[in-house]
Amino acid sequence: MKLLILFFFSILCFDAVAQFTLSGKITLEGQTESAFGAAIYINELKIGTTADTIGNYRITGIPKGSYTLKVSYISMPTVTEKNVRIEQNVTKDFVMKSGANSLDEVVVTGTMKEVSKLDSPVPVDIITAKFIYKNPVPSIFEGLSYVNGVRPQLNCNVCNTGDIHINGLEGPYTMVLIDGMPMVSGLSTVYGLSGIPNSLIERVEIVKGPASTLYGSEAVGGLINIITKNPSKAPIFSADAFSTAWRDYNIDLGVKFTPGERTSSLLGVNYFNYQNPIDNNHDGFTDMTLQNRISIFNKWSFNLKNNRIANVAARYYYEDRWGGDMRWNRSYRGGDQIYGESIYTKRFEVLGNYQLPVSEKITLQYSFSSHDQNSVYGHVPFIADQKIAFAQLLWDKEIGKHNLLFGSPFRYTFYNDNTTATRYLDGQDHPDKIYLPGIFVQDEIKAGAHSVLLGARYDYNSRHGSIFTPRVAYKYKFNQTDVVRLNIGRGFRIVNLFTEDHAALTGSRQVILKEALNPEQSWNANLNFVKKIVTGNSFIGFDASVFYTYFTNRILPDYDTNPNQIIYDNLDGYAVSKGISLNLDFNFPFPLKILAGGTYMENFQKENGVRFRPVLTEKFTGVWSLSYEIQKAGISFDYTGNIYGPMRLPILSEDDPRARTSPVWSLQNIQITKKFENGLEIYGGVKNLLNFTPPANSIARANDPFDKNVKFDDQGQVIATPDNPYRLTFDPSYVFAPNQGIRGFLGMRYTLR
């Protein structure tokens, strides 16, 4: 009996301490490569491992029990299997399948085709709507402040207009698309980036480097493609409203309609209002432009026979903004008593695509925009009208290892204003009409781990003649996590001075055109390396790029030769923009996510043997985002920030007391969000934690904006007087950062699915 009892307890003890092994193989569906680096994790035990070079994995020391297994791979959706019983050594295999929730997002901007981000021969950065919500902003223009290598640049201290710089290149070198259509260009470059409802944005894709072969001559430095939500997949209703301590109010609304089985529609409205003049730097001018803006967007999606798709969207945009002397009101508009800059903007857009009912995959893309601007800068009126019609046929064809894309774009631009840009020698006003037909071909050739993308585009500009922009890209895929890419391409851009450079209109400087401005031409190269390091149930993403752009002609404003003039001339020499950037992405097994990036740039122009750095071009930039979530409580924390290196600033003379270079400065924000199960979110936080603002004397001679008390000599040079010892004239172009200091914000977001 004693022996039986001892034997019985021995079995119990063995059973209690017994530990088992889980092993197997992780493979990829439809691929010969193994899932090297795939992570398998046991939730309850907080242990895991990664697959070896042939996909095998092994976890030892597992107590008897029932567990939840999670298998993740950097380019596939996570596989979760619950109630896996382990009471002996278990062998279990997994097959990773691609899907909509893949960590490796689908992109379209680099090649005009839907491909996974990892498989794209062109490096593409993706900014999701969730990322934008980490620091709520009233427009996508401000939302790009925390993207590495991308900097929204304010161009005027008075009206707060701006553009997007990519890798140190000015805004006109960046093409902005909406759903792949060139909607923001020319006149709307300055004012068209506002009013796109954030609630309608699915994601933003950014290409840094040459894209002229596919998208035309404006995509010299890169492009930003704002992709709106698919109406069939959008929430039934969404609303987002927030305000800051400055009493600016922003409201985003989105409503989904399904009028038919194959038809769905999405209506979005954005309204922004700021009517609270503030002058914290005591220069007598508004620190932030007052704005009253509404944007209405409506998109329709149709599922046609044989899985063909058609979409059409329209947007109406109206804005009334003014900035200037705190005493200004509309009775002073256009006069020379009280200085103000007042801009009325009306804009209408329509865009869409239609897959033709033929056996081949042929798609028609089309867009039309009408932009009407009525503005005054002090006593200088600027009345402009721009209409752009665009259409192109795309033929997507696969032949063996060749993935071909043919395109035949056509663009018509009508432009008229009240400046010398459209006034001929006869003294009459002549609207500018440009026809731009073209053709391009792209061939992506795949051979195992190698991929080559060849492209060429020919356009004929009715004013400047033939434009040829070739492109070549090479990609080598080491495995499912490591890729190297090389892109080389030519850029070609026609300068539209008064529509793109706000400095040509504001302030008291005279605009001087030394000669007819020729098209800008450049060559661009970009080398990119991406690596994903998987460790247990977490991974580290590493994305590094080296870029180089060489301009044979570049048109930049010359602020230095004469303090009373802005001189534009063709480049007698060359210009270079080069640098290196690094992005790091940390994903941990606990709910912490860190994104960080930095870019170092060297931009210079060499003319007549003299090398100099363009104004408002930073040496380096850095961005970061830290997110932590307490899942059970539904609370999340977001800490975002950026930092900018010194820039050369446009001073007026050697006597100008303002600093010649900007300091190193940073904008940092923190946000707390509470999520409820019914789709409601309440968020709040603090913007500009360091309370950074530019110098109070950024606007030169703000007390005399019409230069009524400035004395000039016979050569037009400013004479020093007791009232003007530094020989200054009114100039609001000395701007590198927003004037809004530290402020709190509070908002509410609701989504009904």
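Return the residue satisfying two criteria in turn: it lies in the stretch 450-481 and is in contact with a His (Cβ under 8 Å, 6 or more places away or on another chain) and of a type in the set (Phe, Trp, Tyr), and of such residues it is farthest from Ile434 (Cα to Cα). In this case the residue turns out to be Tyr476.
Residue-wise test of (1) out of contact with any helix residue (DSSP H, G or I) (no Cβ under 7 Å at 6 or more places or on another chain); (2) surrounded by fewer than 18 Cβ atoms within 10 Å (Cβ to Cβ).
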{"residue": "Phe237", "(1), (2)": "yes, yes"}
{"residue": "Gln291", "(1), (2)": "yes, no"}
{"residue": "Lys299", "(1), (2)": "no, no"}
{"residue": "Tyr317", "(1), (2)": "yes, no"}
{"residue": "Gly324", "(1), (2)": "yes, no"}
{"residue": "Gly340", "(1), (2)": "no, no"}
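With respect to (1) surrounded by 14 or more Cβ atoms within 10 Å (Cβ to Cβ); (2) under 30 Å from Gly335 (Cα atoms); (3) hydrophobic (A, V, I, L, M, F, W, C), the lone exception for Phe712 is condition (1). The single residue among Leu364, Leu351, Leu356 that is surrounded by fewer than 17 Cβ atoms within 10 Å (Cβ to Cβ), among the aliphatic types (A, V, I, L, M) and under 16 Å from Pro409 (Cβ atoms) turns out to be Leu364. Do the conditions hold for Phe348, that is, is it touching a residue at least 24 places away in the same chain (Cβ under 8 Å), in the same structural domain as Asn678 (by TED's automatic domain parsing) and more than 21 Å from Gly180 (Cβ to Cβ)? For Phe348, the condition - touching a residue at least 24 places away in the same chain (Cβ under 8 Å), in the same structural domain as Asn678 (by TED's automatic domain parsing) and more than 21 Å from Gly180 (Cβ to Cβ) - is not met.
In the set Arg727, Arg749, only one residue is on the phi > 0 side of the Ramachandran plot and surrounded by 14 or more Cβ atoms within 10 Å (Cβ to Cβ); that residue is Arg727.
Residues in the stretch 49-79 that are aliphatic (A, V, I, L, M) and assigned to a strand (DSSP E or B) were compared, and the one that is surrounded by the most Cβ atoms within 10 Å (Cβ to Cβ) is Val71.
Considering the stretch 244-284, the residues that are within 23 Å of the chain's Cα centre (by Cα) and among the small types (Gly, Ala, Ser) include one that is surrounded by the fewest Cβ atoms within 10 Å (Cβ to Cβ), namely Gly254.
Note on the stretch 403-413: residues that are surrounded by fewer than 19 Cβ atoms within 10 Å (Cβ to Cβ) and at pLDDT below 90 amount to 0.
Condition check: of a type in the set (S, T, N, Q) and under 30 Å from Asn724 (Cβ atoms). Does Thr640 satisfy that? Against the criterion (of a type in the set (S, T, N, Q) and under 30 Å from Asn724 (Cβ atoms)), Thr640 does not qualify.
Residues are listed down the side, and each one gets a yes or a no for (1) surrounded by fewer than 22 Cβ atoms within 10 Å (Cβ to Cβ); (2) among the small types (Gly, Ala, Ser):
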{"residue": "Glu142", "(1), (2)": "yes, no"}
{"residue": "Ser145", "(1), (2)": "yes, yes"}
{"residue": "Thr161", "(1), (2)": "no, no"}
{"residue": "Met175", "(1), (2)": "no, no"}
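Taken together, the criteria exclude Asn678 from residues that are of a type outside the set (Asp, Glu), part of a strand (DSSP E or B) and either out of contact with any Asp or Glu (no Cβ under 6 Å at 6 or more places or on another chain) or over 26 Å from His282 (Cα atoms) (or both).
Within the stretch 145-173, the set of residues being in contact with a helix residue (DSSP H, G or I) (Cβ under 9 Å, 6 or more places away or on another chain) and modelled with pLDDT of 80 or more comprises Tyr146, Val147, Val150, Arg151, Pro152, Gln153, Cys156, Cys159, Ile164, His165, Ile166. Looking at Pro259, is it under 27 Å from Tyr377 (Cβ atoms), in the same structural domain as Val376 (by TED's automatic domain parsing) and not charged (D, E, K, R)? Judged against the criteria, Pro259 is not a match.
Restricting the stretch 80-100 to residues that are buried (at least 16 other Cβ atoms within 10 Å of the Cβ) and at pLDDT 85 or above leaves a set whose member that is farthest from Lys531 (Cα to Cα) is Ile86. Contact map, the stretch 50-69: residues that are in contact (Cβ under 8 Å) with a residue 60 or more places away in the chain and over 14 Å from Asn89 (Cβ atoms) paired with residues that are among the aliphatic types (A, V, I, L, M) and surrounded by 15 or more Cβ atoms within 10 Å (Cβ to Cβ), Cβ distance under 6 Å, separation 6+ or inter-chain. Pairs shown: Thr50/Ala39; Thr50/Val534. Of all residues in the stretch 519-548, those that are of a type in the set (Ser, Thr, Tyr) and at pLDDT 90 or above total 2.
For the stretch 678-711, enumerate the residues that are within 26 Å of the chain's Cα centre (by Cα) and among the aromatic types (Phe, Trp, Tyr). Scanning the stretch 678-711 gives Tyr683, Phe692. Figure legend. Inter-residue proximity from the stretch 355-366: first residues farther than 12 Å from Ile309 by Cβ, second residues of a type in the set (A, V, I, L, M) and in a loop (DSSP other than H, G, I, E, B), beta-carbon distance below 6 Å, spacing 6+ or different chains. Indicated pairs: Ile362/Leu356.
Just wondering, is there one or more residues in the stretch 625-639 that are surrounded by 15 or more Cβ atoms within 10 Å (Cβ to Cβ), at pLDDT 90 or above and among the aliphatic types (A, V, I, L, M)? Checked against the condition, which is being surrounded by 15 or more Cβ atoms within 10 Å (Cβ to Cβ), at pLDDT 90 or above and among the aliphatic types (A, V, I, L, M), the stretch 625-639 yields at least one hit. Screening Leu253, Leu266 for residues that are under 30 Å from Pro357 (Cα atoms) and hydrophobic (A, V, I, L, M, F, W, C) leaves exactly one candidate, Leu266. When restricted to residues that are free of Cβ contacts under 8 Å to residues at least 60 places away in the same chain and assigned to a loop (DSSP other than H, G, I, E, B), the stretch 322-345 contains 9.
Let's see how each residue does on (1) closer than 27 Å to Ala314 by Cβ; (2) of a type in the set (A, V, I, L, M, F, W, C); (3) not assigned by TED's automatic domain parsing to the domain that holds Val122:
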| position | (1), (2), (3) |
| --- | --- |
| Thr363 | yes, no, yes |
| Tyr366 | yes, no, yes |
| Asn374 | yes, no, yes |
| Ala389 | yes, yes, yes |
| Asp396 | yes, no, yes |
| His402 | no, no, yes |
| Gln428 | no, no, yes |
| Lys446 | no, no, yes |
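Pairs are defined by a Cβ separation below 6 Å, a sequence spacing of at least 6 or placement on different chains, a first member in the stretch 624-635 that is assigned by TED's automatic domain parsing to the domain that holds Leu667, and a second member that is outside any loop (DSSP other than H, G, I, E, B) and of a type in the set (S, T, N, Q); the pairs so defined are Ser625/Thr640; Glu629/Ser636.
The values are calculated or read from the model by the stated rules, or taken from the named source; none is laboratory data. Here the structure is a predicted model, which is why all the values come from computation and not from measurement. As a convention, Cβ positions derive from the backbone with ideal geometry for all residues, glycine included, and neighbour counts pool all protein chains shown.
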